[in-house]
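Trainee: After the structure tokens below, expect a handful of questions from me.
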Amino acid sequence: MKTLELQFLTQDNKTVRVAVDEPAEPIDTVKVKNAMAQMLGSGVLVSSSGTALSSMKGARLIEQNITEYTLA
């Protein structure tokens, strides 16, 4: 499973992460940056403490592999 993690900074310089499950690939960094800018501009996202987001920190693609085993 892959997740695109969008990272923002709050006004007090703390990182807030927003996860997008199974993003379209290849990742278009221009579209990601534009989407993040729209999120910031809308003011719809705030940290868990209610602090406003102030800037973009980065984005990263996380790939997670899970292997399940049947134990009988």
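The values are calculated or read from the model by the stated rules, or taken from the named source; none is laboratory data. All values derive from a computational prediction rather than experimental measurement. Note that each Cβ is placed from the backbone with ideal geometry, even for glycine, and that neighbours are counted across all protein chains shown.
Trainee: Taking the range 19-72 as the search range and keeping residues that are modelled with pLDDT under 95 and touching a helix residue (DSSP H, G or I) at 6+ places or on another chain (Cβ under 7 Å), which one is surrounded by the most Cβ atoms within 10 Å (Cβ to Cβ)?
Mentor: 53
Trainee: Go through (1) under 13 Å from the mean Cα position of the chain (by Cα); (2) within 21 Å of residue 2 (Cα to Cα) for residue 63 and report which single condition fails.
Mentor: Result: residue 63 fails condition (1) only.
Trainee: Name every residue in the range 24-72 that is acidic (Asp, Glu) and in contact (Cβ under 8 Å) with a residue 12 or more places away in the chain, in order of residue number. Full working, then the answer.
Mentor: Filtering the range 24-72 for residues acidic (Asp, Glu) gives 25, 28, 63, 68.
Within the range 24-72, 25, 63 meet the criteria.
Trainee: Just to verify a result, which residue in the range 17-60, among those that are under 13 Å from residue 3 (Cα atoms) and charged (D, E, K, R), is farthest from the chain's Cα centre (by Cα)?
Mentor: Per the criteria, the residue is 25.
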